[in-house]
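Have a look at the structure below, then the notes.
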Amino acid sequence: MTDTHTCLTAKDFTSNQEPKWCPGCGDFSVLQQLKAAMADLCLKTEEVVVVSGIGCSSRLPYYINTYGVHGIHGRAMAMASGLKAARPDLSVWVGTGDGDALSIGGNHYIHTVRRNLDLNVVLFNNEIYGLTKGQYSPTSKVGLRTVTSPSGVVDHPINTIALTLGAGGTFVARVMDRDGKMMKEIFKRAHAHKGTSIVEIYQNCPIFNDGAFGPFTDKERKADTTLFLEQGQPLVFGANGSKGIRLDGFKPTVIDLEKSGVSKEDLWIHDENDLIKANILSRFFDDPNTTEAFLPRPFGIFYVEDRFTYEQALDAQIDKAQEKGEGTLEELLAGPSTWTIN
């Protein structure tokens, strides 16, 4: 029978619930681009599930016209993993925040990434706990004054990209909430990837942490503070592409292309399949507000790896076990080894 399915529009993925976020919140942009990506992918509403934990970002399931689960704090990854293992045919998306995923949900995050289930994780990072009124989060900058750090944060912040690569991530990307076009295209790439896709989104919280990403969005500064990764292209940034990155051994250095005589062909060429270089890029994590000689913050796809998924391995293991035919509960409990005690 021929599939006559007509692709839906972003409006078809819009639920009857009005989004309840603060005016100016970056979550609105993420919601819109996610719906647009689902429409471009020609997904059906009944084959998509959006799973979330707790936080402003975790309201996502209410606002998308698909199946959804609004779970408990930090457990979105665990719920999504069980769902995908049981129903590998579904397109499963996880909406989570920096607190939900990286604090109480940190263990679930690491083990989901290493298991590599075919999940699409949208990680909203606003470097603050917004829903519970402005406590500092695992990604908050050192020195940030909040209701739980009135004298300033002393914890070193988590580097999400470095953590994800270290845990064995097979699709690792970062975008800015203001860059809707890039965001939508990376969502589509994430869905096409067979494995756990992590898309970190720098998302402004206008109430409790406004301007946290100002160095990367201010018109006067962003050309010198941001680096956009494009497969097969040299790492170029700055006004009119006047600067570039070159590797001196394993040490990245900033090159002034107008004064050094170095051409773009001599620069670092981005390869999203190179894990070593992806790890180096993940360490471009300087704070332009506090570091004089800083490296630009990368945006785009850091790394992609083709690796078997957890559910594929699980299904293959079950099929292999069933080749032996029916067994008994006693045999199962006894296992392959028995001992006779005299």
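The values are calculated or read from the model by the stated rules, or taken from the named source; none is laboratory data. This one's a predicted model, so the numbers in the text were calculated from it and none came from an experiment. Please note: Cβ atoms are built from the backbone with ideal geometry, for glycine as well, and neighbour counts cover all protein chains shown. Ligands, DNA and RNA are excluded from the accessible area calculation, which covers all protein heavy atoms including side chains. Shrake-Rupley method; radii C 1.70, N 1.55, O 1.52, S 1.80 Å.
Results, tabulated for the structure shown:
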quantity	calculated
Among residues of the range 45-72, those that are of a type in the set (A, V, I, L, M, F, W, C) and part of a loop (DSSP other than H, G, I, E, B), counted	3
Every residue from the range 18-44 that is open to solvent by 30 Å² or more (accessible area, probe 1.4 Å) and part of a helix (DSSP H, G or I)	F28, S29, Q32, Q33, D40
The range 185-202, residues that are touching an Asp or Glu at 6+ places or on another chain (Cβ under 7 Å), crowded, with 18+ Cβ neighbours inside 10 Å and over 22 Å from F294 (Cβ atoms)	G195
Residues satisfying the stated conditions in the range 45-54, i.e. of a type in the set (V, I, T) and either crowded, with 21+ Cβ neighbours inside 10 Å or touching a Gly at 6+ places or on another chain (Cβ under 9 Å) (or both)	V48, V49, V50, V51, I54
From the options L119, L165, L144, residue that is surrounded by 17 or more Cβ atoms within 10 Å (Cβ to Cβ), farther than 25 Å from R189 by Cβ and in contact (Cβ under 8 Å) with a residue 12 or more places away in the chain	L144
Breaking point among (1) open to solvent by less than 40 Å² (accessible area, probe 1.4 Å); (2) farther than 22 Å from D271 by Cα, for A239	(1)
Hits in the range 147-169 - residues which are assigned to a loop (DSSP other than H, G, I, E, B) and under 17 Å from the mean Cα position of the chain (by Cα)	P157, I158, N159, A167, G168, G169
Listing of strands (runs of 3 or more DSSP E) fully contained in the range 227-342 that carry 3 or more residues being within 27 Å of I198 (Cα to Cα)	243-248, 297-304
Any chance Y303 is in contact with a helix residue (DSSP H, G or I) (Cβ under 7 Å, 6 or more places away or on another chain) and farther than 30 Å from R178 by Cβ	no
Odd one out for R283, checked against (1) more than 30 Å from H191 (Cα to Cα); (2) open to solvent by 60 Å² or more (accessible area, probe 1.4 Å)	(1)
Selection within the range 286-342 - at pLDDT 85 or above, exposed (fewer than 10 other Cβ atoms within 10 Å of the Cβ) and among the hydroxyl-bearing types (S, T, Y)	T328
Subset of the range 170-184 that is in a loop (DSSP other than H, G, I, E, B) and more than 16 Å from F308 (Cα to Cα) - its residue that is most open to solvent (accessible area, probe 1.4 Å)	R178
Matching residues, the range 195-211, being among the hydroxyl-bearing types (S, T, Y) and under 8 Å from the mean Cα position of the chain (by Cα)	S197
Matching residues in the range 203-214 - criterion: being surrounded by fewer than 19 Cβ atoms within 10 Å (Cβ to Cβ) and either over 26 Å from K243 (Cβ atoms) or touching a strand residue (DSSP E or B) at 6+ places or on another chain (Cβ under 8 Å) (or both)	P206, I207, D210
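Yes/no matrix, rows are residues, columns are (1) over 30 Å from K259 (Cβ atoms); (2) in contact (Cβ under 8 Å) with a residue 40 or more places away in the chain:
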site: S151; (1), (2): yes, no
site: P206; (1), (2): yes, yes
site: G211; (1), (2): yes, no
site: T217; (1), (2): no, yes
